[in-house]
Amino acid sequence: MKFQYSEKKVRLPEKVHAYAEKKVTKLDRYFNGDAEALVAFSVEKNRNKVELTVHAANTWFRASESTSDMFASIDAAVGTIEGQIRKNKTRLARRLRQDAFVRSANAEEVSFIPDVAEEEYEIVRMKKFEIKPMTQEEAILQMNLLEHTFFVFRDEDNGGSFAVVYRRNNGGYGLIEDVE
């Protein structure tokens with residue numbers, strides 16, 4: 001597992017990084033092949049916050065925990081991700097393709113940058129990611145794992161066209177499809 005660390009408003013000793021690496025490495029047993037972990041440490045209002053993001057074979061898991069102790073925050077974040085994996089293991093096995101945890105080599109890298117000449121629109125953050133072909137159920141599952149309100153994907157059921165699923169305010173889900 002590859003690790004990246006980020007510290008916001010705090011400088012931590014190396015033993016905290018080593019502890020985080022030891023704990024997060026235990027999640028490696030759930031993934032085939034390479035997995036990447038981003039661990040962000042911060043202190044907000046005397047609370048030690050850990051944001052843990054694990055990416056393995058086009059599947060993202062994210063947890064954010066805040067306690068009075070940094071080590072306890074690390075333990076809680078790892079426990080949250082392990083719980084997400086256990087909770088969704090049946091769904092992942094039942095709904096996802098067998099190669100869902102295998103990184104696809106031919107996925108397209110896509111960047112969403114609006115082509116706008118007006119100065120009133122300022123891009124303050126840019127993300128690049130691979131859009132993986134998946135079913136609508138897989139996309140909803142992935143969106144829920146990330147705790148996002150929307151998720152972009154290529155719809156396998158619609159010939160691989162571009163689509164977005166989103167969480168509606170009434171508790172249901174919506175789908176935006178490309179009409180081509």
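You will find that of Glu36, Glu14, the residue that is out of contact with any helix residue (DSSP H, G or I) (no Cβ under 9 Å at 6 or more places or on another chain) and over 19 Å from Leu146 (Cα atoms) is Glu14 and no other. Just wondering, is there one or more residues in segment 79-90 that are at pLDDT 65 or above, in a helix (DSSP H, G or I) and of a type in the set (A, V, I, L, M, F, W, C)? Looking for residues that are at pLDDT 65 or above, in a helix (DSSP H, G or I) and of a type in the set (A, V, I, L, M, F, W, C), one finds at least one in segment 79-90, hence yes. Number of residues in segment 1-18 that are assigned to a loop (DSSP other than H, G, I, E, B) and of a type outside the set (D, E, K, R): the value is 4. At least 2 residues being within 22 Å of Thr53 (Cα to Cα) is the threshold, and among the strands (runs of 3 or more DSSP E) wholly inside segment 116-177 those reaching it are 128-131, 150-155, 161-167. In segment 30-40, the condition of being open to solvent by 20 Å² or more (accessible area, probe 1.4 Å), in a helix (DSSP H, G or I) and within 30 Å of Pro133 (Cβ to Cβ) is met by at least one residue.
Flag: Ala40 does not match the condition of being modelled with pLDDT under 90 and either within 15 Å of the chain's Cα centre (by Cα) or not aromatic (Phe, Trp, Tyr) (or both). Of the residues contained in segment 50-60, none is found to be within 27 Å of Phe153 (Cα to Cα), open to solvent by less than 70 Å² (accessible area, probe 1.4 Å) and part of a helix (DSSP H, G or I). Of all residues in segment 12-29, count the ones that are farther than 19 Å from Gly83 by Cβ and open to solvent by less than 20 Å² (accessible area, probe 1.4 Å). Final tally of qualifying residues: 1.
The values are calculated or read from the model by the stated rules, or taken from the named source; none is laboratory data. Just so we're clear, the structure is a prediction, and the values are computed from it rather than from any experiment. Heads up, the Cβs are rebuilt from the backbone with ideal geometry, glycines too, and the neighbour counts pull from every protein chain shown. To get the accessible areas, we keep the full protein, side chains included, count just its heavy atoms, and leave off ligands, DNA and RNA. Shrake-Rupley method; radii C 1.70, N 1.55, O 1.52, S 1.80 Å.
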